[in-house]
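Colleague: Shown below is the structure under consideration.
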Amino acid sequence: MEQLTLFDDRERTAPLAERVRPASLEEFFGQEHLLGKGKILRQLIEKDQISSMIFWGPPGVGKTTLANIIAGRTKAEFIPFSAVTSGIKEMKEVMNAAETRRRMGQKTVLFLDEIHRFNKAQQDAFLPFVEKGSIILIGATTENPSFEVNAALLSRCKVFVLKELEEKDLIKLLRHALESPAGLGEQRIQITEQQLAAIAAFSNGDARTALNTLEMAVLNGEITMDGITITDQGMEQCISRKSLLYDKNGEEHYNLISALHKSMRNSDPDAAVYWMSRMLEGGENPLYIARRLIRFASEDVGLADSQALQVAVAAYQACHFLGMPECDLNLTQAVIYLSAAPKSNAVLRARESCKEDIKSKKAEPVPLILRNAPTRLMKELQYGKGYEYAHNTEEKLTHMQCMPDSLKDRIYYHPTDQGKEKAVRERLEAIREWKRNGK
């Protein structure tokens, strides 16, 4: 029999993230859209009525933890399975045992962590057993299952998308770790709210990163008669000092995004890259910056360069796929592109002008000529009567009035002569001239 040593005390030597891993839904932080009261995943787990499913989300959001919680609640046999250590032979043995249990009326839940690491042959081996109901498959992946999971297997699984944890959830998690006897509760630790918020901001929605950072901060803390005090100097060794000073909910946050936006609007790529970099180095979520770029592409560039919106959306997708630090170049490329693009706010002015009319004027009914008439009654009421199909004309234009009578001559979109919008302006002027002279 193997002799135990002092080093076998796993409860004390395991990483903090492992020691405070939630064992129940009540201890779980975040994912309210799935696990809030009355939400579908919570009900399935509480009623032990789970079916085959895949948890898709970035690292550290609770995919494996959810599987462990299901393991603790289900009456089924729960089997974790590894793509790294198991081959087809081991898979078949597990599947045959599951089929035997099925015939005896017992369910088997098979958990595949990092299911994207399973090759096509391995995934194919699961399929017949999922179809027969021999196993309930739970997969966890950081990659898009549409690309990484066989279509046949994916079609038999419900995909649940787990989101990055919000900072408020991370701060709750950190406080729990500080108070829990399994965590750091037996140590007297002095840490400020600002320091907790800085760790949460630095972690970018990843609970494991947050807990590992807290653990490092405690190890670097100053030992006093009153316990352990976390100092800003000690925190510098764990996270960027600028993360300590950057308040993502405070004035500096809004000052920096304003500076980025206005630098791009002023076609100054150097200043724009500087302000964007300040935000990233301060711990800003790159997805937030990417969302602002998408807004900018329509608000300040518009049809002067319609490619700008595609570039901004592609930058957002790149940030989602890669995360920091790899996505910093994608953001930089988009910021430079938007800064150098011709500028037009005609799309913004069209929307704002139209919005004012909708607020101040009555909501007129859709003209009969523009309504569909799928039923006999609608046809009798003259829905669609007189509609002119533009494709039936040589010019691909008609003289049909599409506006309500009270807004007959209203023009919202006034294109500029910037970039490609000049061609749009010339075309619209030609169309309006044709319509004016047509009757």
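Colleague: Does VAL130 fit the bill of being at pLDDT 85 or above and assigned to a helix (DSSP H, G or I)?
Modeller: Judged against the criteria, VAL130 is a match.
Colleague: From the set of residues in segment 185-237 that are of a type in the set (Asp, Glu) and either over 21 Å from VAL61 (Cα atoms) or touching a helix residue (DSSP H, G or I) at 6+ places or on another chain (Cβ under 6 Å) (or both), which is least open to solvent (accessible area, probe 1.4 Å)? Please lay out each step first, then the result.
Modeller: Residues of segment 185-237 of a type in the set (Asp, Glu): 186, 193, 206, 215, 222, 226, 232, 236.
From the residues that got through so far, the ones that are either over 21 Å from VAL61 (Cα atoms) or touching a helix residue (DSSP H, G or I) at 6+ places or on another chain (Cβ under 6 Å) (or both) too are 186, 193, 215, 222, 226, 232, 236.
Working: GLU186: 132, GLU193: 106, GLU215: 46, GLU222: 105, ASP226: 107, ASP232: 65, GLU236: 86 Å².
The qualifying residue least open to solvent (accessible area, probe 1.4 Å) is GLU215.
Colleague: Could you list, in sequence order, the residues of segment 26-61 that are part of a loop (DSSP other than H, G, I, E, B) and closer than 27 Å to GLN106 by Cα?
Modeller: Within segment 26-61, LYS39, LYS47, ASP48, GLN49, ILE50, SER51, SER52 meet the criteria.
Colleague: I would also like to ask the following. Check off (1) in contact (Cβ under 8 Å) with a residue 40 or more places away in the chain; (2) open to solvent by 60 Å² or more (accessible area, probe 1.4 Å); (3) under 40 Å from the mean Cα position of the chain (by Cα) for ALA334 and give me the number that stays unchecked.
Modeller: (2)
Colleague: Restricting to segment 142-167, name every residue that is free of Cβ contacts under 8 Å to residues at least 24 places away in the same chain and either assigned to a helix (DSSP H, G or I) or in contact with a Ser or Thr (Cβ under 7 Å, 6 or more places away or on another chain) (or both).
Modeller: Result: SER146, PHE147, ALA151.
Colleague: Considering segment 377-420 alone, what residues qualify as being touching a Gly at 6+ places or on another chain (Cβ under 8 Å) and open to solvent by 90 Å² or more (accessible area, probe 1.4 Å)? Step through it out loud before you land on a result.
Modeller: Kept after step one, since they are touching a Gly at 6+ places or on another chain (Cβ under 8 Å), are these residues of segment 377-420: 378, 399-400.
Those that are touching a Gly at 6+ places or on another chain (Cβ under 8 Å) and open to solvent by 90 Å² or more (accessible area, probe 1.4 Å): none in segment 377-420.
Colleague: Here's a check for you: in segment 102-129, which residue that is of a type in the set (A, V, I, L, M) and open to solvent by less than 20 Å² (accessible area, probe 1.4 Å) is farthest from PRO59 (Cα to Cα)? Don't jump to the end; show me each part of the working.
Modeller: Keep residues of segment 102-129 that are of a type in the set (A, V, I, L, M), which gives 104, 109-110, 112, 115, 121, 125, 127.
Add one more test, that the residue is open to solvent by less than 20 Å² (accessible area, probe 1.4 Å), and what stays is 109-110, 112, 115.
Working: VAL109: 22, LEU110: 21, LEU112: 15, ILE115: 14 Å.
Applying the filter and picking the extreme gives VAL109.
Colleague: If you don't mind, another one. Of everything in segment 344-375 that's modelled with pLDDT of 90 or more and among the aliphatic types (A, V, I, L, M), which residue is surrounded by the most Cβ atoms within 10 Å (Cβ to Cβ)?
Modeller: VAL347
Colleague: May I ask you to list the residues in segment 36-49 that are open to solvent by 10 Å² or more (accessible area, probe 1.4 Å) and either touching a residue at least 24 places away in the same chain (Cβ under 8 Å) or not β-branched (Val, Ile, Thr) (or both)?
Modeller: Those that are open to solvent by 10 Å² or more (accessible area, probe 1.4 Å) and either touching a residue at least 24 places away in the same chain (Cβ under 8 Å) or not β-branched (Val, Ile, Thr) (or both): LYS37, GLY38, LYS39, ARG42, GLN43, LEU44, GLU46, LYS47, ASP48, GLN49.
Colleague: Something else now. Between a residue in segment 108-124 that is touching a residue at least 60 places away in the same chain (Cβ under 8 Å) and any residue that is open to solvent by less than 60 Å² (accessible area, probe 1.4 Å) and of a type in the set (A, V, I, L, M, F, W, C), which pairs come within a Cβ distance under 7 Å, given they are 6 or more apart or on different chains?
Modeller: What qualifies is ILE115/ILE54; ILE115/ALA140; ILE115/VAL149.
Colleague: For the condition of a type in the set (Asp, Glu), open to solvent by 20 Å² or more (accessible area, probe 1.4 Å) and more than 26 Å from GLU18 (Cα to Cα), what is the one hit in GLU143, GLU99, GLU148?
Modeller: GLU148
The values are calculated or read from the model by the stated rules, or taken from the named source; none is laboratory data. What you are looking at is a predicted structure, and each value in this text was computed from that prediction instead of being measured. Cβ: placed from backbone, ideal geometry, glycine included. Neighbour counts: every protein chain shown. Surface areas here come from the heavy atoms of the whole protein model, side chains and all, with no ligands, DNA or RNA. Shrake-Rupley method; radii C 1.70, N 1.55, O 1.52, S 1.80 Å.
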